[in-house]
Amino acid sequence: MKLWRKRLSLEQKKAWTGVLFASPLIIGLILLFVLPLIQSFRYSLSSIDLVEGGFTVNYKGIGNFVSLFTTNPDFPRKLTESIVDMVVNVPIILIFSLFAAVLLNQKFRGRAFARAVFFLPVILMSSAAASVSISYFVGGMSMGDSGASGAGQESLMKSFELKKMLLDSGFAPIFVNYLTGAVDRIYDIISSSGVQILIFLAGLQSVSPSLYEASRIEGATGYEIFWKVTFPIMTPLMLTNLVYSIIDSFSTSKLNEVIRSAAFELFDFGLSSAMSWVFFMVVAVVLAGSVGLISRKVFYYD
């Protein structure tokens, strides 16, 4: 044992200490995630029939996966909508989060209050608060549909005016449609940006002031400082927020309701497991592709 310890370098000792520290998490991951994952995959290849005193599992092969795309009209449509929403919303969320974090990092009166306001939607979108707000919203709609309709028409009119102004200015229609769509979804974007703003804000506060001072001494403008100093240092956090935003977008997708309905309303647990596995594989592929592309441009400042 002493000989083995002597052969280990300092870096190896630190690595094994980290493994020992993370061992409870690794054991919990195996017991609480890996084993149910294997069981779920078994269910996805089977037909589960409820019988008196329990259920029976009959091997069915890939029949559940085939039926998803041949006889189930909701799953392919909801899956496509989830992917499209992710592709559209995640870039906007990242850009808005970085922009808001840069503003909140400036020194001004009421900065703590402004930061709390930007994080407030995260609290309001929690499960308990969301149920209360939805009930209130439904009640308000039933009591005053005309007011809500007027607000919706006013928002639509503003988006139409912005779209017309941008098109008259010579912007490309694809860019204009993307921008006006983001304006129409501004509440959803702000509600989904609280955690990302905090991560960017923590990264901005960790940047050494000497870098900014050296840049100003060299005659760099604020624009150059942002793109040459701030943005490269933020790229690791950009990757972190990208992963979080993609997972958050898929976790709040309406496809989860389809999977839940198949299991607990139709009691077709095999079909629900197949839906979960297809959804899981799509999320894994999207994450792997996104991380693979972005990680090449990440700059790690030592």
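The values are calculated or read from the model by the stated rules, or taken from the named source; none is laboratory data. Note that the structure is predicted; figures quoted are calculated from it, not measured. Don't worry about glycine lacking a Cβ; one is built from the backbone with ideal geometry, like all the others, and counts go over all protein chains shown. In case anyone asks, the SASA skips ligands and DNA or RNA and just uses the protein heavy atoms, side chains included. Shrake-Rupley method; radii C 1.70, N 1.55, O 1.52, S 1.80 Å.
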Does LEU35 qualify as being of a type in the set (A, V, I, L, M), over 30 Å from ASN241 (Cβ atoms), open to solvent by less than 70 Å² (accessible area, probe 1.4 Å) and assigned to a helix (DSSP H, G or I)? no
Are any residues in the stretch 250-302 loosely packed, with under 15 Cβ neighbours inside 10 Å and acidic (Asp, Glu), and if so, which ones? GLU257, GLU265, ASP302
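Could you check the stretch 181-254 for helices (runs of 4 or more DSSP H) lying wholly inside it with 1 or more residues that are in contact (Cβ under 8 Å) with a residue 24 or more places away in the chain, out of contact with any Gly (no Cβ under 9 Å at 6 or more places or on another chain) and farther than 22 Å from ILE92 by Cβ?
Details: elements: 186-191, 194-205, 209-217, 222-225, 231-251.
The helices (runs of 4 or more DSSP H) meeting that bar are 194-205.
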Close pairs from the stretch 273-302: first without any contact (Cβ under 8 Å) to a residue 12 or more places away in the chain, partner open to solvent by 70 Å² or more (accessible area, probe 1.4 Å), Cβ under 8 Å, at least 6 apart: none
Of the residues that sit in the stretch 47-67 and are within 22 Å of ASN256 (Cβ to Cβ) and touching a Gly at 6+ places or on another chain (Cβ under 8 Å), which one is most open to solvent (accessible area, probe 1.4 Å)? ILE48
Collect the residues in the stretch 68-86 that are assigned to a loop (DSSP other than H, G, I, E, B) and open to solvent by less than 70 Å² (accessible area, probe 1.4 Å), keeping them in residue-number order. ASN72
Go through the stretch 248-280 and give me each residue that's within 16 Å of the chain's Cα centre (by Cα) and closer than 23 Å to ILE62 by Cα. LEU255, ASN256, PHE279, PHE280
Going through (1) of a type outside the set (Asp, Glu); (2) at pLDDT 90 or above; (3) loosely packed, with under 10 Cβ neighbours inside 10 Å; (4) under 28 Å from ALA274 (Cα atoms) one by one, PHE41 fails only at (3)
What are the residues in the stretch 255-302 that are under 21 Å from GLN39 (Cβ atoms) and not in a helix (DSSP H, G or I), if any? LEU266, PHE267, ASP268
